[in-house]
Amino acid sequence: VLMAHWVPLTRDSGNRGTVAVFHDISDLKRVETMRRDFVANVSHELRTPVAVIKGYGETLLDGALEESPERSRRFVEIIVSHAERLTNLINDILTLSKLEARDAALTLHPLDLCGTIRKAQMLMEDHARSKGIRIAAECPDGMPKVLADQGQLEQVLLNLLDNAIKYTPDGGDVTVAARLEQERVVVAVSDTGIGIPARDLPRIFERFYRVDEGRSREQGGTGLGLAIVKHIVQLHGGEVQVASEAGKGSTFTVTLPTV
Ligand code: ADP
């Protein structure tokens, strides 16, 4: 997309007439469109849980509260679960906008990756156990340190583990394994879950893209987890890839530069 400015030439310069100066505004336009889409999506995503909370609250006030304690309890549970969804959503939106605002200001330190993996494994243990899933962690001795922001790297592992658990049926397996590959550290988070159809793979890192919106909602998903992962990994000069087969499982691979 080209935008033209018409600049009149002055007599002083000894010339007459007008020149057209063209600027390529494709990038600006793309960023602006993305921003507008994001705001529209955010409004839609926030409205849904608020509407549900309001609806059930009103039904309670309209008589359900007096009529049936059992039904009231179910309504309150629905209200609480949508309030939780709202909290997750607000947290993820804030995380993303902070990541965008502080592009230049990551605090990178040489970091022991194995320690960070063990910590993430520990933090997700309860969630996994509630579904009969065991998280196996593999990290060989003598791994070089990675240059990373500790909190952010933890967030990457937590988001990937959370998804692996969410999208794996009860009793499945989740593994987080680190290895060294051509001077770069590779961390793979694998699961034996529902997998991702090939046609959806190219889009899953987009904000709010979900393969199955209902399932994501049910699991308390926001559709922002992988967008956050991708953003953080890119800020570290790394990359994230996915391999998956529907019905078999998925493997997310994060590659990071070493110190
Ligand atoms: P959500 O909050 O919906 O989980 P994410 O951005 O974390 O959002 O993931 C986007 C979508 O990618 C999910 O809705 C889901 O469809 C798919 N997905 C992510 N991780 C996995 C996984 N380990 N197994 C199967 N599907 C996954």
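The values are calculated or read from the model by the stated rules, or taken from the named source; none is laboratory data. Since the structure is predicted, the reported quantities are computational estimates derived from the model, not experimental observations. No Cβ is skipped: glycine too gets one built from the backbone with ideal geometry, and neighbour counts run over all protein chains shown. Quick note on the areas: whole protein, heavy atoms, side chains included, nothing else; ligands and nucleic acids left out. Shrake-Rupley method; radii C 1.70, N 1.55, O 1.52, S 1.80 Å.
Data for the structure
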{"quantity": "Cα-based shape type of the stretch 116-165, given that a ≥ b ≥ c are square roots of the gyration tensor eigenvalues and the cut on a/c is 1.5", "calculated": "oblate"}
{"quantity": "GNM result for the chain, Cα springs below 10 Å: residue of Leu61, Leu147, Leu235 fluctuating most strongly", "calculated": "Leu61"}
{"quantity": "Dipole magnitude (debye, nearest 20) for the chain, charges at Cβ of Lys, Arg, Asp, Glu", "calculated": "580"}
{"quantity": "Where Arg85, Arg179, Arg129 fall by accessible area, highest first, once all protein chains stay in place (1.4 Å)", "calculated": "Arg129, Arg179, Arg85"}
{"quantity": "Crossing angle, helix 225-235 versus the chain [Cα axis fit, 0-90 degrees, rounded to tens]", "calculated": "50"}
{"quantity": "Residues Ala243 and Ser26, FRET efficiency given R0 of 30 Å [Cβ-Cβ distance, rounded to 0.05]", "calculated": "0.40"}
{"quantity": "Reachable lysines from Lys98, criterion Cα separation under 27 angstrom, eight or more residues apart if same chain", "calculated": "Lys29, Lys119, Lys145, Lys166, Lys230"}
{"quantity": "Heavy atoms of Lys98: accessible area, 1.4 Å probe, square angstrom to 10", "calculated": "130"}
{"quantity": "Mean Cβ count within 10 Å, highest first, over the residues of peptides 154-167, 181-194, 238-251", "calculated": "154-167, 181-194, 238-251"}
{"quantity": "Rounded accessible area of Phe22 (nearest 10 Å², 1.4 Å probe)", "calculated": "130"}
{"quantity": "Heavy-atom accessible area ranking, 1.4 Å probe, most first, across Asp200, Asp126", "calculated": "Asp126, Asp200"}
{"quantity": "Whole-angstrom gap from the stretch 25-61 to the stretch 112-189, using each part's C-alpha centre", "calculated": "32"}
{"quantity": "Equivalent ellipsoid, the chain (semi-axes from 5 times Cα gyration tensor eigenvalues, Å)", "calculated": "40, 32, 16"}
{"quantity": "Theoretical ellipticity at 222 nm over the chain - DSSP helices of four or more residues, -39500 (n - 2.57) apiece, nearest 500", "calculated": "-15500 deg cm²/dmol"}
{"quantity": "Most fluctuating residue given options Gly57, Gly225, Gly142, as computed from a GNM of the chain linking Cα atoms under 10 Å", "calculated": "Gly142"}
{"quantity": "Of Ala177, Ala227, Ala198, the one that fluctuates the most in a GNM where the chain has Cα springs shorter than 10 Å", "calculated": "Ala198"}
